[in-house]
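Each remark here refers to the structure printed beneath this line.
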Amino acid sequence: MRPNRVRQCWSQGKAAVSGWLSIGDSYTAEIVGLSGVDCVTVDLQHAMTDISDMIIMLQAISATPATPFVRVPNLEPGVIMKALDAGSYGIICPLVNTVHDAVCLVNASSYPPLGGRSFGPARGLLYGGPDYPLHANHTIVRFAMIETREGLAEVEAICAVPGLDGIFIGPSDLGLNLGKGTAADPTDAEVRSAIDHCLSTAKAAGKRAGLFCPSGSVAKGRADQGFDFVVPNSDVNLLKSALAGELAAFVGG
Ligand code: 3PY
Ligand code: MG
């Protein structure tokens, strides 16, 4: 089976860097996949994307060295299985608040005996290779998103769920749930200590930790701190900030 570059980074002791696609388009997916990132995550939760967009985006990512991941819209087994059948090598599942949620995530993303994923790997076979069914369970990466008070309170038990590879922190939702608004101020002491607590809990359980970052420099700091999977912002945010910078230069110049 084609290897998962995220796991390859981890076996070399490095953090994996993922692009983040909010624009439902194959050309953008190809550009981000060729940018030098290890992974590209197609966002189905907040992005303007649907399942048909996801399939052509995964096809475009296949033409690049980056490994494709999908952030599913919710903890719905049918969508998780469809993303995997379409060739995603990783599932990032939002709003995992309980051990039961984490067990459902592992169950939907793993073939028996580990879980209850239904057989029909479709594009997974084309992207992964004919031995996909034999190796899918230990090649795919499963991240449970910790981004609520409930999830934070349960993080230790969630990290102990067998088959779960790690947790992925959503700083905006976490900040919102901690009463800090949506700005996800990275300097806020409570948010910072919640993020540090998630990281140390994941590490103590032998699990991986990832998070969404506002920039490459924040992502580098988080990787140095011990995070295993970092996202240096999304296509949409990067496009907006690059264009704002160019317009400011135009107006200023
Ligand atoms: C959050 O910050 O809440 C996220 O879900 C990041 O993608
Ligand atoms: Mg979120």
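Which condition does Asp235 not pass, out of (1) within 17 Å of the chain's Cα centre (by Cα); (2) under 30 Å from Pro113 (Cα atoms); (3) of a type in the set (Asp, Glu), if it passes all the others?
Against the list (1) within 17 Å of the chain's Cα centre (by Cα); (2) under 30 Å from Pro113 (Cα atoms); (3) of a type in the set (Asp, Glu), Asp235 comes up short only on (2).
For the subset of region 46-60 comprising residues that are open to solvent by less than 50 Å² (accessible area, probe 1.4 Å) and outside any helix (DSSP H, G or I), which member is farthest from ligand 1 (Cβ to nearest atom)?
Within region 46-60, the match that is farthest from ligand 1 (Cβ to nearest atom) is Thr49.
Within region 141-176, can you find the residues that are under 25 Å from Cys9 (Cβ atoms), more than 16 Å from ligand 2 (Cβ to nearest atom), more than 12 Å from the chain's Cα centre (by Cα) and of a type in the set (A, V, I, L, M, F, W, C)?
Across region 141-176, the qualifying residues are Cys159, Ala160, Val161, Leu164.
Give the residue, chosen from Ser18, Ser26, Ser22, that is modelled with pLDDT of 95 or more and away from ligand 1 (no atom under 16 Å from the Cβ).
Ser26
Please determine, by comparing only the residues of region 61-75 that are within 16 Å of ligand 2 (Cβ to nearest atom) and assigned to a loop (DSSP other than H, G, I, E, B), which one is most open to solvent (accessible area, probe 1.4 Å). Write out each step before concluding.
Initially, region 61-75 is screened for residues within 16 Å of ligand 2 (Cβ to nearest atom), giving 69-75.
Now narrow it down to the ones that are assigned to a loop (DSSP other than H, G, I, E, B): 72-75.
Working: Val72: 0, Pro73: 49, Asn74: 74, Leu75: 51 Å².
Residue satisfying both the conditions and the ranking: Asn74.
Would you say Leu164 is touching a residue at least 12 places away in the same chain (Cβ under 8 Å) and farther than 14 Å from Asp85 by Cα? Can you show your working first?
Values: touching a residue at least 12 places away in the same chain (Cβ under 8 Å): yes; farther than 14 Å from Asp85 by Cα: yes.
Spelling it out, Leu164 is indeed touching a residue at least 12 places away in the same chain (Cβ under 8 Å) and farther than 14 Å from Asp85 by Cα.
Hey, does region 111-133 have a residue that's small (Gly, Ala, Ser), under 17 Å from the mean Cα position of the chain (by Cα) and at pLDDT 95 or above?
No.
Of everything in region 202-219, what is surrounded by 16 or more Cβ atoms within 10 Å (Cβ to Cβ) and either closer than 28 Å to Ser26 by Cα or hydrophobic (A, V, I, L, M, F, W, C) (or both)? Give them in sequence order.
Within region 202-219, Ala202, Ala205, Ala209, Gly210, Leu211, Phe212, Cys213, Pro214, Val218, Ala219 meet the criteria.
Can you tell me which residues in region 119-153 are out of contact with any Asp or Glu (no Cβ under 9 Å at 6 or more places or on another chain) and in a loop (DSSP other than H, G, I, E, B)?
Answer for region 119-153, where residues must be out of contact with any Asp or Glu (no Cβ under 9 Å at 6 or more places or on another chain) and in a loop (DSSP other than H, G, I, E, B): Phe119, Gly129, Pro130, Asp131.
List pairs: first residue in region 224-253 and closer than 14 Å to Thr41 by Cβ, second residue in a helix (DSSP H, G or I) and aliphatic (A, V, I, L, M) anywhere in the structure, Cβ distance under 8 angstrom, at least six positions apart or on different chains.
Phe229/Val6; Val230/Ala219; Val230/Ala223; Val231/Ala219; Pro232/Val218; Pro232/Ala219; Asp235/Val32
What tally of residues in region 107-121 results from selecting those that are of a type in the set (Phe, Trp, Tyr), open to solvent by 40 Å² or more (accessible area, probe 1.4 Å) and under 15 Å from Pro162 (Cβ atoms)?
Counting residues in region 107-121 that are of a type in the set (Phe, Trp, Tyr), open to solvent by 40 Å² or more (accessible area, probe 1.4 Å) and under 15 Å from Pro162 (Cβ atoms) gives 0.
Being of a type outside the set (Gly, Ala, Ser), open to solvent by 10 Å² or more (accessible area, probe 1.4 Å) and within 16 Å of ligand 1 (Cβ to nearest atom) is the filter here, so list the residues in region 122-175 that pass it.
Thr148, Arg149, Glu150, Leu152, Pro171, Asp173
The values are calculated or read from the model by the stated rules, or taken from the named source; none is laboratory data. The shown structure was predicted, so the numbers you read here are calculated from the model rather than taken from an experiment. For neighbour counting, all protein chains shown are included, and Cβ atoms are generated from backbone atoms with ideal geometry for every residue, glycine included. Remember, those area values only see protein heavy atoms, side chains included, never the ligands or the DNA or RNA. Shrake-Rupley method; radii C 1.70, N 1.55, O 1.52, S 1.80 Å.
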